[in-house]
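Working notes, structure below.
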């Protein structure tokens, strides 16, 4: 007896798959793609924030003062909080919109206020981080998040 694979119907306007046998896999994995992206954004930023947290506010305050951000201690506190606690919250999907918006704003300041004057190559990673964080801020925690688990979000 020959086995047959049931290929889910395509929605109007969707392209035809070159390998139709992957349709089931794509349908199965689709609910996990956004949570994976959200987790990757937070988890990739967390080591950067953790290092700043472990070093204390002193080096970050000096950097903020050197860059002209005043009051430097408040700016440093915000940066360390966003890149540590905020990154963890984005990864887990807790208070997601708030922390992702804060991260998008921070990355916009870094991109346009600091790095772009050194050329696009220096700014592009911060621009990418900012756009990804903005998307997360717009969409929220999503299906697999603490926000969804507790039943509320910003």
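The values are calculated or read from the model by the stated rules, or taken from the named source; none is laboratory data. The model shown is predicted, which means the values in this text are computed figures rather than measured ones. So basically every Cβ, Gly included, is an ideal-geometry build from the backbone, and we count neighbours across all protein chains shown.
Quick notes
One line per residue, one yes/no per condition, for (1) farther than 20 Å from residue 43 by Cα; (2) within 19 Å of the chain's Cα centre (by Cα); (3) at pLDDT below 90; (4) surrounded by 17 or more Cβ atoms within 10 Å (Cβ to Cβ):
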residue	(1), (2), (3), (4)
111	yes, yes, no, yes
114	yes, no, no, no
129	no, yes, no, yes
132	no, yes, no, yes
136	no, yes, no, yes
139	no, yes, no, no
150	yes, no, no, no
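- Out of 98, 112, 94, one residue alone is closer than 23 Å to residue 131 by Cα and part of a loop (DSSP other than H, G, I, E, B). It is 94.
- Among (1) surrounded by fewer than 16 Cβ atoms within 10 Å (Cβ to Cβ); (2) in contact (Cβ under 8 Å) with a residue 40 or more places away in the chain; (3) within 23 Å of residue 70 (Cα to Cα) - the single one residue 103 does not satisfy: (1)
- Residues in the range 88-97 include at least one that is over 17 Å from residue 44 (Cα atoms) and buried (at least 17 other Cβ atoms within 10 Å of the Cβ).
- Filter result for residue 35 (part of a helix (DSSP H, G or I), touching a residue at least 60 places away in the same chain (Cβ under 8 Å) and either farther than 27 Å from residue 152 by Cα or more than 16 Å from the chain's Cα centre (by Cα) (or both)): no
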